[in-house]
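The values are calculated or read from the model by the stated rules, or taken from the named source; none is laboratory data. Please read these numbers as outputs of a predicted model, since none were measured by experiment. All accessible areas refer to the heavy atoms of the entire protein, side chains included, with ligands and DNA or RNA removed. Shrake-Rupley method; radii C 1.70, N 1.55, O 1.52, S 1.80 Å.
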Amino acid sequence: MRTALEWALAAGELELGVHLAVALEGFWVATNPFEGMRWFSLLLEHDGELPRELRARALRAWGGVTFIIGRFEEGARLYERSLALYRELGDERGVGVLLHRLAIFELQRDDKIRARALNEQAGELLRRTGFRRGELETIATLGDIEFAEGNHERGLELMRKSI
């Protein structure tokens with residue numbers, strides 16, 4: 001995959017390279033987010049040339065690898081850029097996923113009120129679009145919020161429900 005990314009970058013096949021990088025988000029989050037950040041940085045310096053949907057996905061993935069290493073503010077800025085594109089595209093599922101990720105960011109910042117509001121919006125959108133895994137993730141995050149607010153039993157109940 002690294003060779004394919006190197007080739008895509010050298011050959012000017014930006015769109016192909018970004019598709020590959022987006023597909024590797026989970027791998028980089030689990031193994032080497034710094035490598036993912038480097039590739040997204042290289043590939044997205046010309047992101048205006050990409051189709052908006054691919055750019056939205058790439059910014060979301062870049063935010064994910066950035067967020068996982070603790071650069072929360074930087075990751076949230078990438079999420080916001082992605083969210084704006086998903087809204088322009090009218091992609092409710094994409095909007096829901098980004099609102100959920102931003103809810104987690106707000107919980108990291110200890111803004112439980114904002115986290116709850118974003119998470120509820122995300123859950124509603126993801127439920128409406130039939131994205132069950134995403135909906136269940138918002139239920140788990142609501143459990144995290146309840147737990148953080150001291151409602152341990154309710155938090156655990158929601159986490160169990162999401163499982």
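Would you mind calculating the gained length between Glu73 and Trp7 on full extension (0.36 nm times residue separation, minus the Cα-Cα distance), in nm to one decimal? Numbers along the way, then the final one.
Numbers: separation 66, 0.36 × 66 = 23.76 nm, distance 3.16 nm.
Computed gain between Glu73 and Trp7 is 20.6 nm.
Could you tell me whether segment 50-119 comes out rounded, prolate or oblate from its Cα gyration tensor? Rule is a ≥ b ≥ c as square roots of the eigenvalues, rounded for a/c under 1.5, then prolate if a/b exceeds b/c, otherwise oblate.
Since a/c reaches 1.5 but b/c is at least a/b, the shape of segment 50-119 is classed as oblate.
Leaving out ligands, DNA and RNA, and with a 1.4 Å probe, what % of the accessible surface on segment 53-163 is carbon or sulfur?
Ligands and nucleic acids excluded, carbon and sulfur reach 47 percent.
State whether segment 117-163 is rounded, prolate or oblate according to the following rule on the C-alpha gyration tensor (a ≥ b ≥ c being the square roots of its eigenvalues): a/c under 1.5 gives rounded; otherwise a/b larger than b/c gives prolate, and the remaining case gives oblate.
Oblate.
Based on DSSP H runs of at least 4 residues, each adding -39500 (n - 2.57), what is the mean residue ellipticity at 222 nm of the chain after dividing by all its residues, to the nearest 500 deg cm²/dmol?
Rounded to the nearest 500, the figure is -26000 deg cm²/dmol.
Across 10 Å bins from the origin, how do the percents of Cα pairs in the chain run, short distances first?
12, 36, 34, 15, 4, 0
Any idea of the accessible area per residue across segment 1-156, 1.4 Å probe, to the nearest Å²?
On a per-residue basis, segment 1-156 sits at 51 Å².
Using alpha carbon centroids, what distance separates segment 107-163 and segment 1-68, in Å?
Answer, in whole Å: 28.
Within the chain, which whole H helices from DSSP have a Cα span along their axis of at least 18 Å and a mean Kyte-Doolittle hydropathy of 0.0 or more, if any?
In the chain, the long hydrophobic H runs are 52-68, 92-108.
Can you tell me which of Ala11, Ala61, Ala76 moves the most in a GNM of the chain? Springs connect C-alpha atoms under 10 Å apart.
For the chain, modelled as a Gaussian network with Cα springs under 10 Å, the answer is Ala11.
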